[in-house]
Amino acid sequence: MIVVLLAVVLLVVGSIHWYIWKRLVKDTTSTKRGRRIGTAIVVALALLIPVTLVASRTLPHSQQAILAWPGFLWLALMFYLLVTLAILEVPRLALRFWTRRGPAAAEPAVSEPAEFAMTPPADTSAGVAATTAASPPAPPRGFDPGRRLLLGRSMAVTAGALSVAAVGIGTAQALGPPNLKRVPIRLPKLPSSMTGFRIALVSDIHLGPLLGRSHTERIVRMINSVEADLVAVVGDLVDGSVAELGPAAEPLQDLRARHGSFFVTGNHEYFSGYQEWINEINSLGVRVLRNERVDVLGLDLAGVNDVNGQDVGDGPDFAKALGGRDTARPVVLLAHQPVQAHDAAKHGVDLQLSGHTHGGQMVPFNLLVSLESPVVAGLGDVDGTQVYVTRGAGFWGPPVRFGAPPDISVIELHGA
């Protein structure tokens with residue numbers, strides 16, 4: 001299975017780089033030396049991606065960043081080069097079509113009447129014939145190597161500038177502080193005494209080779225600054241083991257909220273030794289809700305495990321978390337993936353808080369995410385259940401968030 005997956009990755013990566021080589025090297029170089037240099041660079045960049053993906057799973061954690069920074073930045077740049085070049089194919093093809101058509105053909109010459117036709121002298125006809133034979137054939141209409149080279153270089157410069165700008169802006173957003181979003185949500189069953197109750201929601205912190213302890217410390221400071229009533233961390237805290245990332249997660253013990261801090265597993269916890277992380281997070285004073293619920297001032301706060309836990313016998317159990325409760329009480333469910341709202345709706349959940357999508361992380365990936373997730377970012381409705389999805393405070397893979405800035409959401413509850 002791994003061999004097949006690697007073969008597919010290599011095929012896709014190779015095809016994309018071939019296209020990039022064709023547009024950025026073949027179409028822009030006029031010398032063999034320039035083309036050889038460009039080809040060598042594209043081949044090296046193509047190899048960098050699978051090497052980075054393998055190294056991120058095999059190298060010691062302390063060494064992963066060496067390849068992660070250049071490898072994942074190139075992955076993002078490659079993606080935007082592919083997108084911009086594909087978009088520019090439309091004007092490129094239109095311009096080539098117009099060039100090939102050229103100006104309207106000249107009117108054909110009108111033959112002279114036979115009686116007025118001029119016959120060239122006999123002694124010059126051979127010279128005319130020789131001259132005609134020696135003349136090179138006229139090039140096809142629209143064929144202009146200089147114009148083609150200019151078009152190729154213009155397309156390459158435009159695509160390169162737009163792609164670099166997108167990656168630069170996205171990197172600044174990804175590495176900068178998350179936005180603090182204040183989101184009022186109405187729950188008809190909410191007790192009047194809880195009006196204005198605030199939940200600080202954060203997801204997808206993704207501690208790993210590129211995000212460490214300082215990232216966690218900044219998030220904790222921002223959450224504490226809003227003086228929330230409750231903190232909810234809805235999965236994908238880590239990309240690595242407790243031994244590697246325990247110190248990076250340690251600042252979570254400084255989270256402050258009137259009614260405590262809570263956590264549910266995300267899919268990445270199941271790639272990182274979930275049981276050790278459950279114990280570690282609990283030890284930091286953040287309660288892990290494992291298919292269970294707690295009472296908070298008359299509100300049911302429930303949490304279910306991530307869907308990926310099913311592969312190891314630790315999947316979500318909605319009946320256990322929500323069964324037998326008083327349906328007159330409002331219930332807020334913490335679940336990592338928005339798709340879990342379909343099951344939540346069957347159990348009468350009033351509001352589900354989720355993450356997982358990153359808001360697409362890099363536009364236009366949000367269009368692909370929308371094919372799988374009922375809500376990509378913000379507040380939506382799934383089968384009658386309100387679902388709020390935070391874009392998350394970190395990133396996965398490329399350290400780039402373009403068009404989907406990170407956020408920490410402060411959910412403010414109100415009654416009918």
- request: Among what's in the range 324-369 and is at pLDDT 95 or above and of a type in the set (Ser, Thr, Tyr), pick the residue that is nearest to Arg290 (Cα to Cα).
  value: Ser354
task: Output the number of the condition that Val363 fails; it satisfies all remaining conditions of (1) out of contact with any helix residue (DSSP H, G or I) (no Cβ under 6 Å at 6 or more places or on another chain); (2) among the β-branched types (Val, Ile, Thr); (3) free of Cβ contacts under 8 Å to residues at least 40 places away in the same chain.
output: (3)
query: In this structure, does Ala321 turn out to be among the small types (Gly, Ala, Ser), touching a strand residue (DSSP E or B) at 6+ places or on another chain (Cβ under 9 Å) and either at pLDDT below 95 or over 30 Å from Ser225 (Cβ atoms) (or both)?
result: yes
- line: The residue that is surrounded by the fewest Cβ atoms within 10 Å (Cβ to Cβ), considering only those in the range 366-385 that are assigned to a strand (DSSP E or B) and touching a helix residue (DSSP H, G or I) at 6+ places or on another chain (Cβ under 7 Å), is Val382
query: Quick one: would you say Ser261 is assigned by TED's automatic domain parsing to the domain that holds Val286, of a type outside the set (Lys, Arg), farther than 18 Å from Gly309 by Cβ and free of Cβ contacts under 8 Å to residues at least 12 places away in the same chain?
result: no
message: Residues to consider are Gly240, Gly176, Gly196, Gly235; find the one that is over 29 Å from the mean Cα position of the chain (by Cα) and of a type outside the set (Val, Ile, Thr).
response: Gly196
- prompt: Ala232 passes all but one of (1) out of contact with any helix residue (DSSP H, G or I) (no Cβ under 8 Å at 6 or more places or on another chain); (2) more than 21 Å from Val332 (Cα to Cα); which number fails?
  reply: (2)
Qualifying residue in the range 32-43 (condition: within 30 Å of Gly146 (Cα to Cα), modelled with pLDDT of 95 or more, under 23 Å from the mean Cα position of the chain (by Cα) and small (Gly, Ala, Ser)): no
message: Under 9 Å between Cβ atoms, which residue pairs at least 6 apart in sequence (or on different chains) link something in the range 1-23 that is within 12 Å of Met78 (Cβ to Cβ) with a partner that is among the polar types (S, T, N, Q)?
response: Trp21/Thr39
message: When you check Arg23 against the structure, is it among the charged types (D, E, K, R) and surrounded by 15 or more Cβ atoms within 10 Å (Cβ to Cβ), yes or no?
response: yes
query: Would it be correct to say that Val400 is more than 17 Å from Thr265 (Cα to Cα), within 12 Å of the chain's Cα centre (by Cα), surrounded by 24 or more Cβ atoms within 10 Å (Cβ to Cβ) and β-branched (Val, Ile, Thr)?
result: yes
- prompt: Taking Gln340 and the conditions (1) touching a helix residue (DSSP H, G or I) at 6+ places or on another chain (Cβ under 9 Å); (2) closer than 27 Å to Ile223 by Cα; (3) surrounded by fewer than 22 Cβ atoms within 10 Å (Cβ to Cβ), which numbered condition does it fall short on, given that it satisfies the others?
  reply: (3)
field: Residue identified as more than 17 Å from the chain's Cα centre (by Cα) and not assigned by TED's automatic domain parsing to the domain that holds Trp396 among Thr84, Thr29
entry: Thr29
Filtered residue count, the range 251-277, keeping only those that are surrounded by fewer than 21 Cβ atoms within 10 Å (Cβ to Cβ) and touching a Lys or Arg at 6+ places or on another chain (Cβ under 7 Å): 2
- request: Run down Leu81, Leu59 and say which single residue is at pLDDT 95 or above and either under 27 Å from Leu150 (Cβ atoms) or surrounded by 14 or more Cβ atoms within 10 Å (Cβ to Cβ) (or both).
  value: Leu81
query: Does Glu217 satisfy being touching a Pro at 6+ places or on another chain (Cβ under 7 Å) and on the phi < 0 side of the Ramachandran plot?
result: yes
query: What tally of residues in the range 292-323 results from selecting those that are assigned to a strand (DSSP E or B) and in contact (Cβ under 8 Å) with a residue 60 or more places away in the chain?
result: 3
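The values are calculated or read from the model by the stated rules, or taken from the named source; none is laboratory data. As the structure is a prediction and not an experimental result, all values here were calculated from the model. Every residue, glycine as well, gets a Cβ built from its backbone with ideal geometry; the counts of neighbours run over all protein chains shown.
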